[in-house]
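One structure below.
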Amino acid sequence: MSTTMQSPRQQAGREDDDALVERFGSSRRSRFSRHVILCAIGLFMMYPLMWLVSSSLKPNGLIFSDLSLWPAAWHPANYTEGWTALEYDFGVYFSNSLVIVVLSIIGNLFSCSLAAYGFARLDFTGRKLFFALMLGTMMLPGHVLLIPQYILFAKLGWLNTYYPLLVPNFLATNAFYIFLMVQFMRSLPTELDDAARIDGCGPFRTFWSIILPLCRPAFATTAIFTFISVWNEFFGPLLYLTDPELYTVPLALRQFVDSEGQSAWGPMFAMSVLSLAPIIGFFIAGQKYLVKGIATTGLK
């Protein structure tokens, strides 16, 4: 009878290999379980959107009686009916929202970046105090300022115009965007400012030629957040706009519900689906910069 003898080192190596294989298999099962759970959560979160798309293709009578995601009867005419159901074509409301969104993005990027540059890179008396006061405005509920702002805009004759929706964006009134850009600018090396100063650049030239090109992730994050918030804004346009020709997309969707609560659900859902397309497209286009901007705003 022959026996195979193994040295203690060989036995230990074999045990390590077995432990490594077992650990690798356990890691794969753990990753698979996490992916299954995340996919289930993703489907759960996507269900309202899928239901909205499905309902936009159903007749009104089946929207709430047929809860399946696959329509029992198709009615794609909801899109054509919804486009012309209101006083003006829905393209008018899309154009109005697009004008407000684009100008709001430009205003926030310009004014908030200048304010952030001052707080992040310039040294002046009272900087910390003013920065703390600026952050304190984030704690004020918007309803506290509602009546004073309405009285101010009424005295300026800006009611039923886009000025109340646009002018504040050009005056750096959103402390969140300022704070986001300040955190990003603080992560940039201060040697860049010193080198620019040696080359004869003033503060504005340093901002425009050095800091601004490096802040693309923060700008993309600000632009995406501004797009989403302004595009979905309902209360501001409802408060300041009275002419239906000036209505934005959220106000136009509200017009599908009459005073008695009766709704053209199919056309309204169809226009709701179309109103989501710009947000999804803009988010996908800037997703790379959004992730980078959020990931780096906490660094210093």
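Of Ala270, Ala264, which residue is within 18 Å of Lys58 (Cβ to Cβ), aliphatic (A, V, I, L, M) and at pLDDT below 85? Show your work before the answer.
Numbers: Ala270 fails: at pLDDT below 85.
Matching residue, one of Ala270, Ala264: Ala264.
Out of all the residues in region 25-36, is one or more closer than 30 Å to Ala270 by Cβ, under 32 Å from the mean Cα position of the chain (by Cα) and either at pLDDT 75 or above or assigned by TED's automatic domain parsing to the domain that holds Ala270 (or both)? No, that holds for no residue. In summary, Leu62 fulfils each of the numbered conditions (1) modelled with pLDDT of 85 or more; (2) touching a His at 6+ places or on another chain (Cβ under 9 Å) with the single exception of condition (1).
For region 55-66, state whether one or more residues are loosely packed, with under 15 Cβ neighbours inside 10 Å and of a type in the set (Asp, Glu).
Kept after step one, since they are loosely packed, with under 15 Cβ neighbours inside 10 Å, are these residues of region 55-66: 61, 64-65.
Remaining after also requiring of a type in the set (Asp, Glu): none.
No, there is no match, as no residue in region 55-66 is loosely packed, with under 15 Cβ neighbours inside 10 Å and of a type in the set (Asp, Glu).
When the residues of region 99-136 are filtered to those that are polar (S, T, N, Q) and touching a Leu at 6+ places or on another chain (Cβ under 9 Å), which remaining residue is nearest to Ala218 (Cα to Cα)?
At the first step, the residues of region 99-136 found to be polar (S, T, N, Q) are 104, 108, 111, 113, 125.
Subsequent filtering for residues that are touching a Leu at 6+ places or on another chain (Cβ under 9 Å) retains 104, 111, 113.
On the way: Ser104: 16, Ser111: 14, Ser113: 9 Å.
Filtering first and then ranking leaves Ser113.
Return yes or no: is Asp123 closer than 26 Å to Ala264 by Cβ, of a type in the set (Asp, Glu) and surrounded by fewer than 18 Cβ atoms within 10 Å (Cβ to Cβ)? It would help to see each step written out before you state the result.
On the way: closer than 26 Å to Ala264 by Cβ: no; of a type in the set (Asp, Glu): yes; surrounded by fewer than 18 Cβ atoms within 10 Å (Cβ to Cβ): yes.
So Asp123 does not fit the description; no.
The residue list Phe235, Phe227, Phe153, Phe176 contains one member that is surrounded by 17 or more Cβ atoms within 10 Å (Cβ to Cβ), modelled with pLDDT of 90 or more and within 21 Å of the chain's Cα centre (by Cα), which is Phe227.
Please verify whether region 185-194 includes one or more residues that are within 23 Å of Met134 (Cα to Cα), of a type in the set (A, V, I, L, M, F, W, C) and part of a helix (DSSP H, G or I). Yes: one or more hits. Of the listed requirements (1) on the phi < 0 side of the Ramachandran plot; (2) free of Cβ contacts under 8 Å to residues at least 24 places away in the same chain, Gly126 misses just one: (1).
The values are calculated or read from the model by the stated rules, or taken from the named source; none is laboratory data. All of these numbers come straight from a predicted model, not from anything done at the bench. Using ideal geometry, Cβ is built from the backbone for each residue, glycine included, and neighbour counts are taken over all protein chains shown.
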